[in-house]
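Single-structure report; data block below.
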Amino acid sequence: MSQHGDKQEKLINFYENKFLGADIPKSYSSPHLVSLNNENINTDIMIIGQETNSWYGNYEDFNVRGINEQMKIYDNFMERSYKDMNNIFFRYVKNIIDDKDCIPVWTNLFKFDLGDGKENRNISKASKKEYEEIVHFHNEVLAKEIEIIKPKIIIFFTGHTYDKLFFDPLVIKDKDYRDLYNKICDFENINEWKCAVMDLKQYPDFECFEGKAIRTYHPIYLNRNKSKFGDTVINYIKNEVKKVKS
């Protein structure tokens, strides 16, 4: 059993009850289920992306495999592929971690995408009915992962479209989802729309979170705006992650 055996068992139980045999279209991608078996994984650091962009078959494949085999896919990816991934998302993740022997917990706001059969697999392009069903299904998922894993710092590389998709359901009545964002005093000319600290624990299901959550754009957009604000944002996040690691 890994050093995170208790957390691993809790994740297995949660995923089994939530995902296995769920009423999810079989054509959707298989779910991106976190596993903590890698000896180098650092549960203090959580990186959150938007959604999968294909993930080892479809949901029907997952129902055949079962929870343990599905979580092994994550273990194998983080063990064998993570260090060699060279797309912009993972380049930025590895930059802020700044330690080749440290593997963060990587999860997504949405645990699956619309699947290979769709012209555009992104959840942001789902029909209204699909979107409502997907959001409803995910209402408790991220909060439960955070409750179990207990990270000290969370980095949301999610951007505005996925703020609206995911955070709207969390917002207390008569408030705006942008009220989640608190300006970072270190920045002179970068507003909270570009990067902000998020007070997650004021929202239902996230009350247990006692760490620091930072939300910014997806790395593709940060990279596109490196000289304007991207580099400044990444250097700030890198320093905040360093505090947790030290």
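The values are calculated or read from the model by the stated rules, or taken from the named source; none is laboratory data. Keep in mind it's a predicted model, so treat the numbers as computed, not measured. With ideal geometry, Cβ positions are generated from the backbone for all residues, glycine too; neighbour counts draw on all protein chains shown. The accessibility values were calculated without ligands, DNA or RNA, using every heavy atom of the protein model including side chains. Shrake-Rupley method; radii C 1.70, N 1.55, O 1.52, S 1.80 Å.
Worth a mention:
- Residue (of Ile48, Tyr177, Asn86) at the positive-pole extreme of the chain, dipole from beta-carbon charges: Asn86
- Subtracting the Cα-Cα distance of Asn17 and Cys208 from 0.36 nm times their residue separation leaves 66.7 nm of extension gain.
- Diffusion of the chain by Stokes-Einstein, at 25 °C in a medium of 0.890 mPa s and with Rh set to the Kirkwood radius over alpha-carbon pairs, works out to 133 µm²/s.
- Rounded to the nearest 20 debye, dipole of the chain from Cβ charges on Lys, Arg, Asp, Glu: 700
- In Hz, Karplus ³J(HN,Hα) per residue of the range 83-88 (6.51, -1.76, 1.60; θ = phi - 60°; x = Gly, Pro): 5, 9, 5, 10, 6, 4
- Projection of the Cα convex hull of the range 11-137, averaged over all directions and equal to a quarter of that hull's surface, yields 7.9 nm².
- For the peptides 133-142, 117-126, residues were scored by their other Cβ atoms within 10 Å and the scores averaged per peptide; the highest-first order is 133-142, 117-126.
- Counting only protein heavy atoms and using a 1.4 Å probe, the accessible area of Asp231 comes to about 60 Å².
- Each residue of the range 45-54 was assigned a 3J(HN,Hα) from its phi angle through the Karplus expression (A = 6.51, B = -1.76, C = 1.60, θ = phi - 60°), giving 10, 10, 10, 10, x, 8, 6, 6, 10, 6 Hz with x at Gly and Pro.
- Here's the list of aspartates and glutamates a cross-link from Lys183 could span, going by alpha-carbon distance under 12 Å and ignoring same-chain residues fewer than 8 apart: Glu192, Asp199.
- Full-extension gain in nm, Asp174 to Glu39, via 0.36 nm per residue minus C-alpha separation: 44.1 nm
- Relative contact order %, the chain, counting alpha carbon pairs below 8 Å whose residues are six or more apart: 22
- Here is the tail figure for the range 112-246: Cα pairs spaced more than 24 Å apart come to 36 percent of all pairs.
- Rounded to whole Hz, the Karplus (6.51, -1.76, 1.60) HN-Hα couplings of the range 163-169, x for glycine and proline: 4, 5, 5, 9, 7, 3, x
- Helical runs assigned H by DSSP (4 residues or longer) give the chain a calculated mean residue ellipticity at 222 nm of -11000 deg cm²/dmol, each run adding -39500 (n - 2.57) before division by the residue total.
- C-alpha center-to-center spacing [the range 41-108, the range 148-220] in angstrom: 21
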